[in-house]
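Some notes on the structure that comes next.
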Amino acid sequence: SKDKKIVIIGGGDVAIDCAITAKENEASKVNVVCIETLEEIPCSEKDLHKAYNKNVNVFAGFKPEAIKGENKVERFTGVSVEDDSALELECENVIFAVGQKSANVKKIEDLKVDQDGFIKIDENLKTN
């Protein structure tokens, strides 16, 4: 929706596709957060430029720290891999585009994962 603020975690082609799609569906603010530097980001350069042209923000060199909110997602926090500086973004949705499992998801506050590290979802495909 038009007023949605979305954070996408990941730096690959799927993350950038999610960001472009969110902007094309009129999300007001789309932020991509990835652990890689801009020089290391695995997405295609063409897609990255397309995302920039759609006013997608890319925060490179940050790892997820927490997703916070009262009964709903309100904020994403990350920490720099270089100097421990903090990143805090307002958001209503967080999209994980990091592959099927990641060591970092276990560090996100209160996120339920199964014994194999996969994020648990309910019958509506939502996380806790």
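The values are calculated or read from the model by the stated rules, or taken from the named source; none is laboratory data. It should be emphasised that the depicted structure is a prediction, and the values quoted were computed from it without experimental measurement. Note: ideal-geometry Cβ built from the backbone for every residue, glycine included; neighbour counts use all protein chains shown. The protein model used for the area step is the full one, side chains on, heavy atoms only, and it has no ligands, DNA or RNA in it. Shrake-Rupley method; radii C 1.70, N 1.55, O 1.52, S 1.80 Å.
For region 66-74, the condition of being over 18 Å from Lys126 (Cα atoms) and open to solvent by 60 Å² or more (accessible area, probe 1.4 Å) holds for none of the residues. Does Val56 count as touching a Pro at 6+ places or on another chain (Cβ under 9 Å) and modelled with pLDDT of 95 or more? No; evaluated as a whole, the condition is false for this residue.
As for region 60-81, it holds at least one residue that is outside any helix (DSSP H, G or I), more than 14 Å from the chain's Cα centre (by Cα), touching a residue at least 40 places away in the same chain (Cβ under 8 Å) and more than 12 Å from Gly10 (Cα to Cα). Every listed requirement among (1) closer than 26 Å to Lys126 by Cα; (2) in contact with a strand residue (DSSP E or B) (Cβ under 8 Å, 6 or more places away or on another chain); (3) open to solvent by less than 20 Å² (accessible area, probe 1.4 Å) is met by Glu90 save one, (3).
Check whether at least one residue in region 48-56 is under 15 Å from the mean Cα position of the chain (by Cα) and open to solvent by 40 Å² or more (accessible area, probe 1.4 Å), and report yes or no. No, region 48-56 contains no residue that is under 15 Å from the mean Cα position of the chain (by Cα) and open to solvent by 40 Å² or more (accessible area, probe 1.4 Å). Give the residues of region 1-46 that are modelled with pLDDT under 90 and either part of a strand (DSSP E or B) or of a type outside the set (D, E, K, R) (or both), sorted by residue number. Ser1, the sole residue that qualifies.
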